[in-house]
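Student: Here you go, one structure.
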Amino acid sequence: MLMRASITDGGAIDRVKRWAERKAGGPARLQVIILLAGVLGLDGADKATVSAVAASLKDVFGIGNTEIGVLIAVTSFVGAIFTLPIGVLVDRIERQKILVCAVALWTLAMVVSGFAGSFTFLLIARACLGAVTAAAAPTVASMTGDFFPPRARGDVYGMILAGELVGTGIGFFIGGELESLLNWRWSFFLIALPSVLLIWAIWRFLPEPARGGQSWIEVGQRDLTTEQGTAYARRRHGNSSSAIGRTQEAVQRAGVQPREDLILRGDPSRRSLWWALRYLIKIPTYVLLIIASALGYYFFAGIRAFAMVYLTQHYHVSASTVSALVIVVGLGAIMGVILGGRSSSWLLEKGVLDARIVVPGVALLIAVVLIAPAIWTRSAVIGTALLAFGAAALAAANAPIDAARLDIIHPRLWGRAEAGRMAIRAALQGGAPIVFGWVSGMLGGGDRGLEWTYLLMLIPVLAAASLAIPARHTYLRDVATAAASVKATSP
């Protein structure tokens with residue numbers, strides 16, 4: 001019986017593995033996706049853990065909602081400062097080493113957080129976490145562009161961003177459960193453990209890709225390092241002009257003219273950070289996309305910061321029950337982020353060249369329609385269902401937006417472009433818990449104050465959805481400009 005169960009379990013694992021490889025486009029692609037998703041998952045797990053143990057932190061340190069907001073915000077604020085110089089490093093040195101160092105320091109900072117004896121000590125530890133997590137987004141964006149061709153990036157980004165949501169769910173679950181069984185300190189200790197394995201996996205299984213599309217992973221490719229790996233891809237693609245890809249070629253065939261004043265004539269990798277930022281803000285779609293993305297993350301950060309406090313009071317249930325409800329909502333968000341990438345890629349294949357703009361705009365609008373009644377209702381069942389679908393719609397916007405940004409930027413500027421976006425996103429994310437906490441206090445505090453705060457803060461999400469309208473008019477020209485820049489700077 002034991003042998004039969006083992007064989008059955010092994011067969012099930014093999015089927016899941018083959019299914020995952022098929023969805024990812026082969027073993028080599030799946031390997032990279034899992035590792036990059038794991039990096040983003042750390043940040044989500046950290047912030048969710050603080051939210052999950054917020055009630056205990058209030059009792060132990062004698063603090064309120066505003067201080068909890070500050071604890072979550074300080075990580076993002078420090079990250080906003082450090083992400084810009086890290087973006088320069090991403091465009092110039094080996095990104096694998098950046099990730100290894102960042103994850104190692106993140107692990108240390110999480111352990112130190114668990115030993116905090118005062119609110120001030122914990123605040124300083126979390127400030128150190130911000131400097132570390134600043135490396136994640138620019139590095140992941142740059143490596144995604146160099147591992148995956150443009151047509152695949154919508155799907156791939158959906159799966160990578162799912163890692164952040166999985167990390168958030170794990171943080172809520174572990175934080176809530178360990179707080180009940182032991183105490184809040186063990187939540188930080190246990191969350192730090194998987195990162196040790198991630199450090200080894202990145203060093204062992206995530207090679208540094210060649211820049212500019214020469215290391216794109218073929219569909220069905222099994223290995224990243226042998227004759228079937230990056231060396232094969234480099235021979236096949238031949239030169240950096242391959243970075244243009246089919247999407248950009250389709251835009252050129254459609255007769256879309258680039259912006260002549262923004263075509264780069266020389267390699268931008270050695271230009272200064274300030275030159276890069278001045279150049280990037282001249283790209284209309286880049287500005288619109290980073291604002292839309294930042295507003296969406298702003299709302300998500302505020303919701304996440306007080307989710308445990310709000311849901312326990314609003315639905316009159318225990319923290320353990322809320323942890324289970326959060327898993328349901330998290331699964332909805334994971335499905336949404338994957339479907340958002342898939343749907344934009346499908347529309348792109350059907351000839352809708354601005355699909356990566358249309359899908360986010362529609363998804364954000366649907367999110368507002370679903371989340372508003374979810375916040376209002378007092379029924380845990382109806383509220384959880386609406387929140388799950390609303391989270392799916394909110395998350396569906398992220399993958400197409402992230403893929404679209406790579407489409408409009410020269411590959412040698414990906415690190416700094418993502419750093420610029422993350423600086424704005426981190427500042428808004430950092431401010432969200434503080435603003436949500438302050439506004440909820442002004443509106444009476446408690447459950448009712450948070451309810452009205454959440455409803456009011458849906459207005460920025462509506463604003464983000466509306467930005468898809470002007471972005472549709474600028475996106476194709478910016479794609480054509482990026483393609484022209486790649487050709488002009490190719491050897």
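Student: For segment 58-149, what is the accessible area per residue in Å² when the probe is 1.4 Å?
Tutor: Result: 33 Å² of accessible area for each residue.
Student: So which aspartates and glutamates can LYS350 reach, going by Cα to Cα under 16 Å and dropping same-chain residues fewer than 8 places off?
Tutor: ASP155, GLU249
Student: Just read off the accessible area of TYR286 with the full protein assembly in place, 1.4 Å probe, to the nearest 10 Å².
Tutor: Rounded to the nearest 10, the figure is 10 Å².
Student: Using just the helices of the chain, give the 222 nm mean residue ellipticity in deg cm²/dmol: DSSP H runs with n ≥ 4 each add -39,500 (n - 2.57), and the total is spread over all residues, rounded to 500.
Tutor: -26500 deg cm²/dmol
Student: Please work out how much accessible surface HIS473 shows to a 1.4 Å probe, ignoring ligands, DNA and RNA, in Å² rounded to 10.
Tutor: Surface accessible to solvent at HIS473 totals approximately 150 Å².
Student: Further, regarding this structure: Which helices, taking whole DSSP H runs in the chain, have alpha carbons extending 27 angstrom or more along the helix axis plus mean Kyte-Doolittle at least -1.0?
Tutor: Span-like helices here: 2-24, 27-52, 65-90, 95-114, 153-181, 184-205, 284-305, 319-349, 355-376, 414-442, 468-489.
Student: Moving to a separate point now. VAL328 to ILE469: FRET efficiency via 1/(1 + (r/R0)^6), r the Cβ-Cβ distance, R0 41 Å, to the nearest 0.05?
Tutor: 0.80
Student: Probe radius 1.4 Å, ligands and nucleic acids ignored: give me the carbon and sulfur share of the accessible area of the chain as a rounded percent.
Tutor: Working: 13310 of 19490 Å².
Summing carbon and sulfur atoms, their accessible area is 68 percent of the total for the chain.
Student: I'd like the accessible area for GLU249, computed on protein heavy atoms only with a 1.4 Å probe and all protein chains in place. Round to 10 Å², please.
Tutor: 80 Å²
Student: What percent do you get for the relative contact order of segment 1-141 when only Cα pairs under 8 Å and 6+ apart count? Show your work: numbers first, answer last.
Tutor: Values: 95 pairs, mean separation 40.3, N = 141.
Once normalised by length, the contact order is 29 percent.
Student: Taking the Cβ-Cβ separation of LEU443 and LEU193 as r and a Förster radius of 45 Å, what is the calculated FRET efficiency to the nearest 0.05?
Tutor: Here the calculated transfer efficiency is 0.70.
Student: If I stretch the segment between LEU182 and GLU349 completely, what's the gain in nm (0.36 nm per residue apart, minus their alpha carbon distance), one decimal?
Tutor: Gain in length upon complete extension: 55.0 nm.
Student: Under a 1.4 angstrom probe, counting protein chains only, how are ARG204, ARG259 ranked by accessible area, largest first?
Tutor: In descending accessible area the options line up as ARG204, ARG259.
Student: Just by accessible area at a 1.4 angstrom probe, what is the order of THR66, THR489 from largest to smallest?
Tutor: The ranking, largest first, comes out as THR66, THR489.
Student: Further question: How many Å² of accessible area per residue for segment 345-387, probe 1.4 Å?
Tutor: Roughly 45 Å² per residue, with all protein chains present.
Student: Can you tell me the order of 462-471, 127-136 when each peptide is scored by its average per-residue count of other Cβ atoms within 10 angstrom, highest first?
Tutor: Highest mean packing first, the order is 127-136, 462-471.
Student: What is the set of long-range amide H partners of GLY26 at a cut-off below 5 Å, with H atoms built 1.01 Å from backbone N?
Tutor: For GLY26, whose amide H was placed from the backbone, the distant partners under 5 Å are GLY220.
Student: For VAL317, put the label point 7 Å out on the Cα→Cβ axis and report which residues of segment 361-396 keep their amide N under 13 Å from it.
Tutor: 378-388
Student: Go ahead and run the numbers for FRET between SER379 and ARG222, Cβ-Cβ distance against an R0 of 60 Å, rounding to 0.05.
Tutor: About 0.75, to the nearest 0.05.
Student: Which of the lysines could a cross-linker bridge to LYS58, judged by Cα under 27 Å and excluding same-chain residues fewer than eight apart?
Tutor: LYS47
Student: In percent, how large is the relative contact order of segment 395-491, given Cα pairs closer than 8 Å and 6 or more residues apart?
Tutor: Over segment 395-491, the number comes to 39 percent.
Student: How far apart, in nm, are two points set 7 Å out from the Cα along the Cα-to-Cβ line at LYS23 and at SER490?
Tutor: 3.5 nm
Student: Note the per residue figure in Å³ for the convex hull of the C-alpha positions in segment 330-447.
Tutor: Dividing the Cα hull volume of segment 330-447 by its residue count gives 118 Å³.
Student: Find the relative contact order for the chain and round it to a whole percent, using C-alpha pairs within less than 8 Å whose residues are 6+ positions apart. Spell out each step's value before the answer.
Tutor: On the way: 883 pairs, mean separation 126.6, N = 491.
Computed value for the chain: 26 percent relative contact order.
Student: Then there's this: With a point put 7 Å past each Cα toward its Cβ, work out how far GLN257 is from ARG204 in nm, to one decimal.
Tutor: Label-label distance for GLN257 and ARG204, simple model: 5.6 nm.
The values are calculated or read from the model by the stated rules, or taken from the named source; none is laboratory data. Computed from a prediction, not measured in an experiment: that's the story for all the values here. Virtual Cβ from ideal backbone geometry, glycine too; neighbours counted across all protein chains shown. Just the protein is used for accessible areas: all its heavy atoms, side chains included, with ligands, DNA and RNA removed. Shrake-Rupley method; radii C 1.70, N 1.55, O 1.52, S 1.80 Å.
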